[in-house]
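Chemist: Submitted below is the structure of interest, expressed as structure tokens.
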Amino acid sequence: MKYERQQIVDYCKKMTVDHLTSGTGGNISIFDPLTGFMAISPSGINYFETKQEDIVIMTLDGQIVEGKRRPSSEHNLHIALYKKKIDISSIVHTHSMYGIVLSTLNLPIKAVDYILADAGATEVPVAPYATFGTEELAQSVANTIGEGRACLMANHGMVTCGKDIESAYNLARECEWIAEIQWRAMAVGVPNIIDDTEMRNVMQRFNDYGQPHNRKEVVYD
């Protein structure tokens, strides 16, 4: 999984540059359904010092297949989501500011913008708090995320899923952007929330968005 390892190295750096985390917070993984192997970022290494060989290869039983580093402390979280959602191949866990603010208030990310439909749900829920790196946290998120592809973790951060690392990462950016809109709107009034019926309509329209056979998540730079 050399290519996947390099993708993780590159996107971990990007996660810091895009202010979706700081320090060594957060983690990223890619799952290969053909081999059953998961490549995941290592624990506690600065992302700008992380090399391809530092990425750890694991099975979904939690066994290390290759790598001399300790895997991310949240590897149980990634494993639980890959087991729950068989159509995903990448997971991005961020410590982004506005996602954490809302999770600390126990507030879901609401449909203050229609782009939230990219998450595959009418809102991004908040999983109950549990200690980082525990099986309890992994199951809390797996039980809360539902049919959507994003979830907040109370007093902790956000996790997003995708068919590949690009879509998972873009969704993390989108959700953080919408969380900021929600927080700013709440600071001056009561945000208008797009109703569930319209959000389901937007989700349906997103299925045909973009060029044929080349649908990508919407990204606003």
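The values are calculated or read from the model by the stated rules, or taken from the named source; none is laboratory data. Predicted, not measured: the structure shown is a model, and the values here were computed from it. For neighbour counting, all protein chains shown are included, and Cβ atoms are generated from backbone atoms with ideal geometry for every residue, glycine included. Ligands, DNA and RNA are stripped out before the accessible areas are found, and what is left, the full protein with its side chains, is counted by its heavy atoms. Shrake-Rupley method; radii C 1.70, N 1.55, O 1.52, S 1.80 Å.
Chemist: Compute the distance from the alpha-carbon center of the stretch 1-30 to that of the stretch 124-192, in whole Å.
Modeler: So the two Cα centres are separated by 17 Å.
Chemist: Please work out how much length the chain gains when fully extended from GLU166 to ASN192, using 0.36 nm per residue of separation minus the C-alpha to C-alpha distance, in nm with one decimal.
Modeler: Stretched fully, the GLU166-ASN192 segment lengthens by 6.4 nm.
Chemist: Largest first, how would TYR47, TYR11, TYR3 line up by accessible area (1.4 Å probe)?
Modeler: Result, largest first: TYR3, TYR11, TYR47.
Chemist: If I stretch the segment between GLN52 and ARG200 completely, what's the gain in nm (0.36 nm per residue apart, minus their alpha carbon distance), one decimal?
Modeler: 49.3 nm
Chemist: Rounded if a/c is under 1.5, else prolate if a/b is larger than b/c, else oblate: which is the stretch 104-190, with a ≥ b ≥ c the root eigenvalues of its Cα gyration tensor?
Modeler: Oblate.
Chemist: Sticking with this one: Under 5 Å between amide hydrogens, which residues at least 5 positions from ILE109 or on another chain qualify, with H placed 1.01 Å from N in the peptide plane?
Modeler: Sorted by chain and number, the residues that satisfy this are VAL124.
Chemist: Exactly which trypsin sites (Lys or Arg not before Pro) in the stretch 17-118 are in a DSSP loop and have at most 10 other Cβ atoms within 10 Å?
Modeler: LYS68
Chemist: Pairwise over distinct Cα atoms, reciprocal of the mean inverse distance: report the Kirkwood radius of the stretch 78-121 in Å, one decimal place.
Modeler: Kirkwood hydrodynamic radius for the stretch 78-121: 12.5 Å.
Chemist: Can you tell me the equivalent ellipsoid semi-axes for the chain? Use √(5λ) from the Cα gyration tensor, largest first, whole Å.
Modeler: Here the semi-axes work out to 28, 19, 16 Å.
Chemist: I want to check the label-to-label distance for LEU34 and THR131. Put each point 7 Å from Cα in the C-beta direction and report it in nm to one decimal.
Modeler: For the pair LEU34/THR131, the computed spacing is 4.0 nm.
Chemist: With all protein chains present and a 1.4 Å probe, how do ILE145, ILE45 order by accessible area, largest first?
Modeler: My answer, sorted largest first, is ILE45, ILE145.
Chemist: Once amide H atoms are placed 1.01 Å from N in the peptide plane, what residues at a sequence separation of 5 or more from SER89, or on another chain, have their amide H within under 5 Å of its amide H?
Modeler: Here the answer is GLY162, LYS163, ASP164, since their amide H atoms fall under 5 Å of that of SER89.
Chemist: Using a 1.4 angstrom probe and counting only protein chains, how large is the accessible area of ASP113 in Å², to 10?
Modeler: Result for ASP113: roughly 30 Å² accessible.
Chemist: Return the equivalent ellipsoid semi-axes of the stretch 1-88 as a descending list in whole Å, where each equals the square root of 5 times an eigenvalue of the C-alpha gyration tensor.
Modeler: 20, 14, 12
Chemist: Alpha carbons only, please: Rg and Dmax for the stretch 119-170, in angstrom.
Modeler: Just the Cα atoms of the stretch 119-170 yield Rg and Dmax of 10.9, 28 Å.
Chemist: Cβ under 14 Å from THR35's Cβ, THR35 left aside: what net charge do those residues give with Lys, Arg +1 and Asp, Glu -1?
Modeler: Within the 14 Å Cβ shell, the charges total -2.
Chemist: So which lysines can LYS13 reach, going by Cα to Cα under 25 Å and dropping same-chain residues fewer than 8 places off?
Modeler: Counting by Cα, and skipping residues close in sequence, LYS13 has these lysines nearby: LYS2, LYS51, LYS68, LYS163, LYS216.
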